[in-house]
1. Determine whether L117 is open to solvent by less than 60 Å² (accessible area, probe 1.4 Å) and over 13 Å from N74 (Cβ atoms).
2. For the range 61-87: of the residues being part of a strand (DSSP E or B) and free of Cβ contacts under 8 Å to residues at least 40 places away in the same chain, which is farthest from G26 (Cα to Cα)?
3. Need the failing condition index for V21 against (1) open to solvent by 60 Å² or more (accessible area, probe 1.4 Å); (2) assigned to a loop (DSSP other than H, G, I, E, B); (3) at pLDDT 90 or above, just the number.
4. Residues in the range 106-120: is at least one basic (K, R), within 25 Å of T166 (Cα to Cα) and in contact with a Lys or Arg (Cβ under 9 Å, 6 or more places away or on another chain)?
5. Output yes when any residue across the range 95-117 is farther than 12 Å from T70 by Cβ, of a type outside the set (A, V, I, L, M), part of a strand (DSSP E or B) and more than 34 Å from the chain's Cα centre (by Cα), and no when none is.
6. Is there a residue being open to solvent by less than 60 Å² (accessible area, probe 1.4 Å), more than 31 Å from the chain's Cα centre (by Cα) and either at negative phi or not aromatic (F, W, Y) (or both) anywhere in the range 171-192?
7. Tell me the residue from R77, R93, R53 that is modelled with pLDDT of 95 or more, open to solvent by 70 Å² or more (accessible area, probe 1.4 Å) and touching a strand residue (DSSP E or B) at 6+ places or on another chain (Cβ under 9 Å), please.
8. Yes or no: L64 open to solvent by 50 Å² or more (accessible area, probe 1.4 Å), among the hydrophobic types (A, V, I, L, M, F, W, C) and at pLDDT 95 or above?
Amino acid sequence: MAAVSLVAATVLSGCNTRQDVGTPTGSIMVPSENALILPPPGGPAVLNVVERRSTNAIEQDIYLYTSAATPGQNLLRAKFFGPMNAKFDQQSRSNYAAVRDNKMMAEARRALPGVSLSLNPYFLQNNYGPFGYAFGQGRANDACIFAWQQIRQAENHRSPLKGYGTIQVRLRYCAAGASETELLAPVYGYTITGTFGDPAWNPYGAPPPLEAGLGRTGSPIYRKEEAVTTSAPVAVPRRQVQPVARREVSSVPARVEQQVVAPAAVTSIPVPQPDGTVSMPQAQAETTAKTLPNVIVPAPACAGQQTGGACP
């Protein structure tokens, strides 16, 4: 009888217990300002961040703005291996996988299905070290890349007490009408903001040494002239644009002045004839008649003129 009463009490207590709804996968939404990696100021913009924690790592999927026609979501994925809080000891452990080109190409094809990707053959690096990527053309006029990077010190500089830790980064990015160089801008410009509290966690290595002449005499440093840049036009909001009164301007035909050229003066040389008359050549006479008034030229007086006689 006592056993039956105990079972009944257990059943009743179980019915009265209420549990909140949770996500057993360990994924949670965090504010965008808590992203471990931020894209450059020029974008793409961060939409939301999904975070997963394990006993040895924290991973974030940072979803980025996309307007491309290629299926899929632009994504910046960051994975930090390091000392996690003790409350995550009961969760699963994240496996470490080295970053190699063949594995990354397989991951790129899964992230960009149907896109013909080609591996970049050149050595490139950003502020955090070398990186690799694959480039291809998506739908319509889309261009896509899948980039990867691992930030980790060399084995001879790593130990459990100093210089340990690893950061792995993936970027899936498509944009309409973009060039390969434009797609690489987020890879060169992203900033890592996350870190662990342990001072021994340092995947970056020692800072580079200063230049030999810095701060010493005999090593002047001159100011560099800034390159002249063309200022971009400033966009004015539509509501601030004042309407301009429209003026009606009637078109007046241009007055064409014709230059009147005066006929050239024709110089006529009168030729005296034996009979006392003066004659001119036919062509000159016609020209003179058109341009000059009639001129009567008197006959030359003969010296010793005889009455009724002609000049000799």
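The values are calculated or read from the model by the stated rules, or taken from the named source; none is laboratory data. In this text the structure is predicted, and so the values were computed from the model without any measurement. Note: ideal-geometry Cβ built from the backbone for every residue, glycine included; neighbour counts use all protein chains shown. Areas reflect the complete protein model, heavy atoms only, side chains present, ligands, DNA and RNA absent. Shrake-Rupley method; radii C 1.70, N 1.55, O 1.52, S 1.80 Å.
1. Spelling it out, L117 is indeed open to solvent by less than 60 Å² (accessible area, probe 1.4 Å) and over 13 Å from N74 (Cβ atoms).
2. If we take residues in the range 61-87 being part of a strand (DSSP E or B) and free of Cβ contacts under 8 Å to residues at least 40 places away in the same chain, then Y63 is farthest from G26 (Cα to Cα).
3. That leaves (3) as the condition not met.
4. Looking through the range 106-120, none of the residues is basic (K, R), within 25 Å of T166 (Cα to Cα) and in contact with a Lys or Arg (Cβ under 9 Å, 6 or more places away or on another chain).
5. For the range 95-117, residues farther than 12 Å from T70 by Cβ, of a type outside the set (A, V, I, L, M), part of a strand (DSSP E or B) and more than 34 Å from the chain's Cα centre (by Cα): absent.
6. Residues of the range 171-192 open to solvent by less than 60 Å² (accessible area, probe 1.4 Å): 171-179, 183-187, 189-190, 192.
Now narrow it down to the ones that are more than 31 Å from the chain's Cα centre (by Cα): none.
The answer is no, given that none of the residues of the range 171-192 is open to solvent by less than 60 Å² (accessible area, probe 1.4 Å), more than 31 Å from the chain's Cα centre (by Cα) and either at negative phi or not aromatic (F, W, Y) (or both).
7. Residue meeting the stated conditions: R77.
8. no
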